[in-house]
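See below for the structure under consideration.
The values are calculated or read from the model by the stated rules, or taken from the named source; none is laboratory data. Note that the structure is predicted; figures quoted are calculated from it, not measured. Here the Cβ positions follow ideal geometry from the backbone for every residue, glycine too, while neighbour counts run over all protein chains shown. Protein only, heavy atoms only, side chains kept; ligands, DNA and RNA dropped before computing areas. Shrake-Rupley method; radii C 1.70, N 1.55, O 1.52, S 1.80 Å.
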Amino acid sequence: MSAKGNQFKKNSNETAPVEERQTSFKNPFGSLANFKINERPKKIFGLILLLFSFCLLIAFTSFLFTWQNDQDKIFNSTWDLLFDPGLLVENWLGKLGAILAHFFIHNLFGVISYLFVFLFFITGFKILTGVSITPILKAYRFSFFVILWVSVLLGFLFKDIAPIAGGAFGFHVSLWLNSIIGTAGTGLLLFFIFIGSMVAVFNISFDFLNSLFSKTEINTETEDLAGFDLKSNTLNPFNKPLTETQQLEEQETDVLNLEEEVPEITLKNEANKIPFILEDDFEELEVVKNEKTEELISSELEIENNPVEDEELEVIENKSPFGEYDPTLDLSSYKFPNIDLLEKHGSSSIVINKDELEENKNKILETLKNYNIGIAKIKATIGPTVTLYEIIPDAGVRISKIKNLEDDIALSLSALGIRIIAPIPGKGTIGIEVPNQKPEIVSMRSVIASEKFQNTDMELPIALGKTISNETFIADLAKMPHLLMAGATGQGKSVGLNAILVSLLYKKHPSQVKFVLVDPKKVELTLFNKIERHFLAKLPGNEEAIITDTKKVVNTLNSLCIEMDQRYELLKNGHVRNIKEYNTKFIARKLNPEQGHKFLPYIVLVVDEFADLIMTAGKEVETPIARLAQLARAIGIHLIIATQRPSVNIITGTIKANFPARIAFRVTSRIDSRTILDSGGADQLIGRGDMLLSTGSDIIRLQCAFVDTPEVDEITEFIGSQRGYAEAFLLPEYVDDSEGGTGKAMDASERDSMFVEAAKIVVIHQQGSASLLQRRLKLGYNRAGRIIDQLEASGIIGPFEGSKARQVLIPDEVSLEQFLKGE
């Protein structure tokens, strides 16, 4: 009884912290204690500040035109004039505007008082919406310094012409400085204050002075170099990293300033406190800081290496009178697709539903408490489709205990399916991914237009979508090097393939990449027929570049293997290891085209519904695919294979081992998820482009970018309407051995002694297979196979068709006898 009583008492005391948690969560500023009870006073105060900023703007602007007429009326007056009905002023804001403008501009700082309009506006906007136009504390610090300095400067410059320009403050301070250090001293002091502030804020460099003096010395010492331009030689290579370092310090300062404004929720328990941090803008700033840090490190490495590379290029240019080879000159007028061809789907920004966040947080905490699991901290990161709740459990709590509560948390949240990441790699926290009630569509336009995609230097950049933290995710297909896509029907595989192809079309020239498209369904990739003469590759003699026939697929794959072998031979002769080094050497004209060398474009093989090919062709498809997966990455041939379920009978272990990059859309069972990713999670996705990307070491959840069929149609139409090559990129010709044997007439003396009997059995049963002959004639497999080849060479049965039985070309025994007599 005592145990139950204690437990009941403990539950009854938990209501108070929940209320505190709910009230404090809506607080946008941790220091505004008066607004913790309700959001209405906070919004009203923000509106008042916005109104006051607009009033100041109108009053200040009117003061510039009407101050001479209004000054004698309000010069020595007080605020009592507001209630004097006999006083008339010309200010657009009436007596209130005249008094405010006179106070700020005349009595204080002059025309620079306009900065007060800016300060009141950003403060009111931040309080009203919770969004910072600019860091508040930093804006106040800079603005007050500028107000003081500009006021004194205007008072110094216009003290005799327009004393009102700097206000009373600037006028009297400039007079005081003139009386102490004189006019020249005052001007010099103001100038050096300005230079000092620039150094303190922007860390400007004075290396141009060294460059100037060094240039003067060179010009004076050597008369022959008097007319030589030394600008490019006097550049300091350390200016750029110093500037990036300074920019990084500024952004870190912004993050630190905003860190004070991140809302926290404190749960007051008897033993611990649980803060809840909503990461929206602050999370993005953290990510930006990390990216800048990485760019800074890479830029420092480039500074050490770039001069050497530039010297090498100069030597190459001096050796070749033609300059570097440009593969794009064949289609020099080619224009990349415009971003306007893509439509805007959904909203570009994520709407934060604080009520939904608070409700989900409370349910998660309540569910964990029911199982006596204490939480030290919880943090939310909002994405387009799901929200990631990162929790830090109390010391002594086992991770497996939280992992086993996945279904219980899903039940309490009434969600489609949640995913628990325990722990999150590199963070030391446990992640709970909860689907949003209103998921946002990630449009392909927003991903393509992102700075990250536009400025990428990847060889084959593919824009897959956005992460949980709403960051654009770009991957390099050349480094993957092959991609396996799987998922149930209707979950986004075809849209994902279109997104990958559109990414490459927006980034690469037709001379740099070629596509080999295999579409057994015959309808998914037909839109790309329009760009056949620009981007597609095919076998010689094929009418259509997009391959739909199984036999042509086998020939194309074997042709790619021949292309692979030929490219490896070129790499061997060029003494390089991969296609990037080879093309760099060829562009620098270090390889002789007369010796067979040529510029090698990347080749991307896209296979949709790979399972259908395996069912119809079997080993004939599996063997070349396995060879390409193992060897082709170094010479620029990359595979993208899409299937519903990559089981062992569809994709063998040899092929699967060479696909470290895998994309899993929603599947129906955990077994299917493990088949694709070698781990669970894909069965808990919500569909419609929600996917998991596994790169071998970790798994990333993404929302695939959506590109609709009309958009793909417009893009291919735009490219196809331009001038292209004379024909599609031709792959090496492949001659099937089985086809080659059919054309040869076999001598009757070379036929097997049981040839006629075998022919009759095949015609009677209308089935041309070696197993039939083995059973009927009691032959071994080798002999039966030879007889089948002889029957094919004689024209009695058709060629080999994979898993299908050979077609019998003779309808009956009578026709067979006539056929044999005719021979």
### Task
Answer with yes or no whether Asn542 is free of Cβ contacts under 8 Å to residues at least 12 places away in the same chain, crowded, with 16+ Cβ neighbours inside 10 Å and closer than 21 Å to Leu731 by Cα.
yes
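For the range 628-640, what are the residues that are part of a helix (DSSP H, G or I) and either outside the structural domain of Ser559 (by the TED database) or open to solvent by less than 10 Å² (accessible area, probe 1.4 Å) (or both)?
Leu628, Ala629, Ala632, Ile635
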### Query
Taking the range 555-587 as the search range and keeping residues that are farther than 27 Å from Gly323 by Cα and of a type in the set (Val, Ile, Thr), which one is most open to solvent (accessible area, probe 1.4 Å)?
Ile562
### Task
Sort through Ser446, Ser412 and tell me the only one that's more than 30 Å from Ile474 (Cα to Cα) and outside any loop (DSSP other than H, G, I, E, B).
Ser412
#### Entry: Considering residues of the range 63-88 that are more than 59 Å from the chain's Cα centre (by Cα) and β-branched (Val, Ile, Thr) only, the residue modelled with the highest pLDDT
Ile74
### Query
Exactly one of (1) of a type outside the set (Ser, Thr, Tyr); (2) surrounded by fewer than 20 Cβ atoms within 10 Å (Cβ to Cβ); (3) out of contact with any Leu (no Cβ under 8 Å at 6 or more places or on another chain) is unmet by Gly596. Its number?
(3)
### Sole residue being farther than 28 Å from Ala200 by Cβ, open to solvent by less than 20 Å² (accessible area, probe 1.4 Å) and either part of a loop (DSSP other than H, G, I, E, B) or in contact with a Cys (Cβ under 9 Å, 6 or more places away or on another chain) (or both), chosen from Leu56, Leu100, Leu87
Leu100
### Task
Return the total of residues in the range 382-398 being closer than 15 Å to Asp690 by Cβ, part of a strand (DSSP E or B) and open to solvent by less than 10 Å² (accessible area, probe 1.4 Å).
2
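Answer yes if at least one residue in the range 700-715 is among the aliphatic types (A, V, I, L, M), out of contact with any Cys (no Cβ under 7 Å at 6 or more places or on another chain), open to solvent by 10 Å² or more (accessible area, probe 1.4 Å) and without any contact (Cβ under 8 Å) to a residue 40 or more places away in the chain, and no otherwise.
First pass over the range 700-715, keeping only residues among the aliphatic types (A, V, I, L, M): 700, 702, 705, 707, 712, 715.
Retained after the next criterion (residues that are out of contact with any Cys (no Cβ under 7 Å at 6 or more places or on another chain)): 700, 702, 705, 707, 712, 715.
Narrowing the set further to residues that are open to solvent by 10 Å² or more (accessible area, probe 1.4 Å) leaves 700.
Those still in the list that are without any contact (Cβ under 8 Å) to a residue 40 or more places away in the chain too: none.
Checked against the condition, which is being among the aliphatic types (A, V, I, L, M), out of contact with any Cys (no Cβ under 7 Å at 6 or more places or on another chain), open to solvent by 10 Å² or more (accessible area, probe 1.4 Å) and without any contact (Cβ under 8 Å) to a residue 40 or more places away in the chain, the range 700-715 yields no hits at all.
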### Summary
Restricted to the range 641-678 and to residues being more than 26 Å from Leu517 (Cβ to Cβ) and open to solvent by 30 Å² or more (accessible area, probe 1.4 Å), the residue farthest from the chain's Cα centre (by Cα) is Val648
### Task
Those residues that are crowded, with 22+ Cβ neighbours inside 10 Å and over 17 Å from Ala380 (Cβ atoms), I need them from the range 428-442; list them, please.
Val442
### Query
Pairs, please: C-beta under 6 Å, at least 6 apart or cross-chain, first residue at positive phi and in the range 108-131, second of a type in the set (Asp, Glu) and surrounded by fewer than 20 Cβ atoms within 10 Å (Cβ to Cβ)?
none
### Query
If you take the residues of the range 158-208 that are among the hydroxyl-bearing types (Ser, Thr, Tyr) and over 24 Å from Asn107 (Cβ atoms), which of them is least open to solvent (accessible area, probe 1.4 Å)?
Ser197
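To keep it simple, each residue is scored yes or no on (1) without any contact (Cβ under 8 Å) to a residue 40 or more places away in the chain; (2) more than 26 Å from Thr550 (Cα to Cα); (3) exposed (fewer than 15 other Cβ atoms within 10 Å of the Cβ).
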site: Val756; (1), (2), (3): no, yes, yes
site: Arg775; (1), (2), (3): yes, yes, yes
site: Glu792; (1), (2), (3): no, no, no
site: Glu801; (1), (2), (3): no, no, no
site: Asp812; (1), (2), (3): no, yes, yes
